[in-house]
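Reading through the structure tokens given below for one structure.
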Amino acid sequence: MESKKLAGEKAVEYIKDGMIVGLGTGSTVYWTILKIGELIKQGLKIHGVPTSKDTEQLAVKMGIPLLNLSELSKIDLTIDGADEVNPRFDLIKGGGGALLREKMIASISERFVVVADETKYVTTLGKFPLPVEVTQFGWEITKKQIERMGQINPQLRLKDNAPYITDNGNFILDCYMNTIEKPEVLSVQLNMIPGVVENGLFVNMADTVIIGGSNGEIEIKH
Ligand code: DER
């Protein structure tokens, strides 16, 4: 927890008065949102754009004024976590089930800052199963289509022994494969499959990565 807290809190240094800030989802950016709440109490003036219903609830609790995506054409800064980050700053995201809204909000952000503990920084993506958001309609067919790509094992994400349902009413297939050598290729191939809504590969989107170390050190990569 400490290394996540270190990274999460450090990210608020990128926030300036008047900004519109995309608020990510997960246990690392949780610390960012708590810190923003403190700064709001001290007079910081920003608006947040939540990437999930969970984050929306937390942001409201922290007194962060919110906007929804439909009101915006751009966001100044988004701060979010990741399940894996490689040296090119390609990410696997979606462990928390929020990948679609996270990717939409990151895609219109001037700057995208990732906060993570050191365990997330990997040489090659793929040890973490890649979340793929799919329509409920025909998900079994979509699963078969992904299997036909070869070397990918898609599994329906469950919660309390029932299919996990995202904030957008979709299912998630967690795709197990060994390594992802060309995330930019796989991302396009997956999104071409009818029934795939979005995948958790964030390629060429992150600008800055803040890594919290178990030794109490913080490393900022640009
Ligand atoms: O679901 C997501 O994309 C989250 O951002 C996730 O990847 C971050 O998880 P963590 O900060 O709780 O490890």
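The values are calculated or read from the model by the stated rules, or taken from the named source; none is laboratory data. Since the model is a prediction, treat every value here as computed from it, not as a measurement. Quick reminder, even Gly has a Cβ in these numbers, built from the backbone with ideal geometry, and neighbours come from all protein chains shown. These area figures cover heavy atoms from the full protein model, side chains too; ligands, DNA and RNA do not enter into them. Shrake-Rupley method; radii C 1.70, N 1.55, O 1.52, S 1.80 Å.
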Failed item, numbered, when Pro87 is tested on (1) part of a loop (DSSP other than H, G, I, E, B); (2) over 23 Å from Ile218 (Cα atoms)
(2)
Any chance region 128-149 includes a residue that's open to solvent by 30 Å² or more (accessible area, probe 1.4 Å) and within 16 Å of the ligand (Cβ to nearest atom)?
yes
All but one of (1) part of a helix (DSSP H, G or I); (2) more than 15 Å from the ligand (Cβ to nearest atom); (3) of a type in the set (A, V, I, L, M) hold for Leu44; state the number of the condition that does not hold.
(1)
Where a residue in region 201-222 is at positive phi and its partner, wherever it lies, is outside any loop (DSSP other than H, G, I, E, B) and among the β-branched types (Val, Ile, Thr), with Cβ under 6 Å and at least six apart:
none
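Search region 72-89 for residues being more than 8 Å from the ligand (Cβ to nearest atom) and within 22 Å of Thr166 (Cβ to Cβ), and hand back the single one that is surrounded by the fewest Cβ atoms within 10 Å (Cβ to Cβ). Spell out the reasoning first.
Of the residues in region 72-89, the ones more than 8 Å from the ligand (Cβ to nearest atom) are 72-79, 84-89.
Now drop any that are not within 22 Å of Thr166 (Cβ to Cβ), which leaves 72, 75, 78-79, 84.
Details: Leu72: 14, Ile75: 23, Thr78: 27, Ile79: 30, Glu84: 24.
The selected residue is Leu72.
Do we find a residue being under 17 Å from Asn199 (Cα atoms), away from the ligand (no atom under 16 Å from the Cβ) and exposed (fewer than 14 other Cβ atoms within 10 Å of the Cβ) anywhere in region 158-176? Outline the logic, then answer.
Of region 158-176, the ones under 17 Å from Asn199 (Cα atoms) are 164-176.
With the extra rule that they be away from the ligand (no atom under 16 Å from the Cβ), the set shrinks to 169, 176.
Within this subset, residues satisfying the condition of being exposed (fewer than 14 other Cβ atoms within 10 Å of the Cβ) are 169.
Checked region 158-176: at least one residue is under 17 Å from Asn199 (Cα atoms), away from the ligand (no atom under 16 Å from the Cβ) and exposed (fewer than 14 other Cβ atoms within 10 Å of the Cβ).
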Inside region 186-222, can you point out the residues that are of a type in the set (Val, Ile, Thr), open to solvent by less than 60 Å² (accessible area, probe 1.4 Å) and over 12 Å from Arg88 (Cβ atoms)?
Ile193, Val196, Val197, Thr208, Ile210, Ile211
Touching a Lys or Arg at 6+ places or on another chain (Cβ under 8 Å) and under 30 Å from Val12 (Cα atoms): does that describe Asp174?
no
Might you let me know whether region 58-70 holds any residue that is within 16 Å of the ligand (Cβ to nearest atom), closer than 20 Å to Ala98 by Cα and not in a helix (DSSP H, G or I)?
no
So which residues in region 30-71 are touching a helix residue (DSSP H, G or I) at 6+ places or on another chain (Cβ under 6 Å) and loosely packed, with under 13 Cβ neighbours inside 10 Å?
Gly63
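Would you be able to say whether some residue in region 13-25 is open to solvent by 50 Å² or more (accessible area, probe 1.4 Å), touching a helix residue (DSSP H, G or I) at 6+ places or on another chain (Cβ under 8 Å) and at pLDDT 95 or above? I'd like the intermediate steps shown before the answer.
To start, the set of residues in region 13-25 that are open to solvent by 50 Å² or more (accessible area, probe 1.4 Å) comprises 13, 16-18.
This time we only want the ones that are touching a helix residue (DSSP H, G or I) at 6+ places or on another chain (Cβ under 8 Å), so: none.
Within region 13-25 (the criterion being open to solvent by 50 Å² or more (accessible area, probe 1.4 Å), touching a helix residue (DSSP H, G or I) at 6+ places or on another chain (Cβ under 8 Å) and at pLDDT 95 or above), the answer is no, since none of the residues qualifies.
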